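The values are calculated or read from the model by the stated rules, or taken from the named source; none is laboratory data. Please read these numbers as outputs of a predicted model, since none were measured by experiment. Don't worry about glycine lacking a Cβ; one is built from the backbone with ideal geometry, like all the others, and counts go over all protein chains shown. Ligands, DNA and RNA are stripped out before the accessible areas are found, and what is left, the full protein with its side chains, is counted by its heavy atoms. Shrake-Rupley method; radii C 1.70, N 1.55, O 1.52, S 1.80 Å.
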Amino acid sequence: MEPGGFDVSLLEILRAGEDRFLSGEEIARQAGISRAAIWKRVEDLRAQGYAIEARPHQGYRLISAPDIPYPEEIQAGLAAVRFGRPALHFSSTGSTNDTCRRLGAEGWPEGTTVVAETQTEGRGRLGRAWLSAPGGLWFSFITRPNLALADLGPLTMTAAAALRRAVEETTGIQPLIKWPNDLVVSGRKLAGILAEANGERGRAEFVVIGLGLNVNQDLATFPPEVRRRAVTLRSLLGRETGRLPILRSFLLSFECLYDAGLRDGFRATLADASEHSATLGRKVCISCGGGIISGDAWRLDTDGALILRTTNGQVAMHAGEIEEACLD
Ligand code: BTN
């Protein structure tokens, strides 16, 4: 499906007018369109969720913008310089990771961000399907870190740390990071991350990082087996919350942690992920490659590995899944 698009210039003019009514004449002059065309464009914006007041002899003013991650809403007030620019919004797409991978292969720049209201083929780790109903925040973005494919571990950890910060900053909720990269609250999953690299001869050409955050969905609509293990911000707060502030906050935090990380080996990411870990200090069983390894989750390594202390010594886990039944 094509990304949504509408008249940005009219929106910019109305936004710049703040609380003031702008006459049709003034808008027509600034936008370079006829007064007759304004009404049609105002209707288009209303259909996109914008509340616009029209008063005879006074003109138009913007009352409110919707909490929909349209590119111009993401970028209004976005402090990040590269991430979220450009941005695309789809009412529905197969998987934002797939859309982003196509754009990455076409050469779109680092920071390109794709958001969808729903995904028909949302994917999770280990080939699982990812439920992507309206109300959640489903998005992916392109990174071009110029790293070896073997060194990409800290990238997903950076995304997890940035999302954790964004949730805390915008809602006050303090999720923990469950290794490798889930956000959890009281052990129940709030968000997941799927990073996919494209590369040649051992180097990453680009990496797409996709995040799924449960925001305003009603938990009662989740299938029972998922509902028991999941949580949404709405279920935690007892009310709906804005997705745009979370997304903007994430993009800025990610940009800061990522830029610093490429300079200094992801020290701040590691510190944040370690401090807010749901895994460290616990006895865990991790399934990986058909086997299960158990031990004490001791520390995270700079490469994103979880270092376990087992009866046979230390083991660095680079991938795997914590088996819930084994958690202490
Ligand atoms: C997991 O925990 O298994 C990872 C889930 C990742 C889901 C997100 S939603 C946006 C992006 N598009 C996808 O198809 N998957 C990721």
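A compact table of results
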| read-out | value |
| --- | --- |
| The one condition in (1) touching a Gly at 6+ places or on another chain (Cβ under 8 Å); (2) modelled with pLDDT of 95 or more that Ala166 fails to fulfil | (1) |
| Unique residue being in a strand (DSSP E or B) and surrounded by 14 or more Cβ atoms within 10 Å (Cβ to Cβ) when the list is Ser287, Ser274 | Ser287 |
| Evaluation of Glu196 against (1) crowded, with 23+ Cβ neighbours inside 10 Å; (2) in contact (Cβ under 8 Å) with a residue 60 or more places away in the chain (one fails), failing number | (1) |
| Complete set of residues in region 102-118 that are within 24 Å of Glu72 (Cα to Cα), more than 10 Å from the ligand (Cβ to nearest atom) and of a type outside the set (Ser, Thr, Tyr) | Arg102, Leu103, Gly104, Glu106, Gly107, Trp108, Pro109, Glu110, Gly111, Glu117 |
| So Ala80, is it assigned by TED's automatic domain parsing to the domain that holds Thr241, within 20 Å of Ile142 (Cβ to Cβ) and touching a Leu at 6+ places or on another chain (Cβ under 9 Å) | yes |
| Meets criteria (farther than 20 Å from Ala319 by Cα, among the acidic types (Asp, Glu) and more than 10 Å from the ligand (Cβ to nearest atom)) for Glu121 | no |
| Tally of residues being open to solvent by 20 Å² or more (accessible area, probe 1.4 Å), of a type outside the set (A, V, I, L, M, F, W, C) and outside any helix (DSSP H, G or I) across region 27-72 | 13 |
| Members of region 254-271 found to be over 19 Å from the mean Cα position of the chain (by Cα) and either outside any helix (DSSP H, G or I) or aromatic (Phe, Trp, Tyr) (or both), listed by number | Gly265, Phe266 |
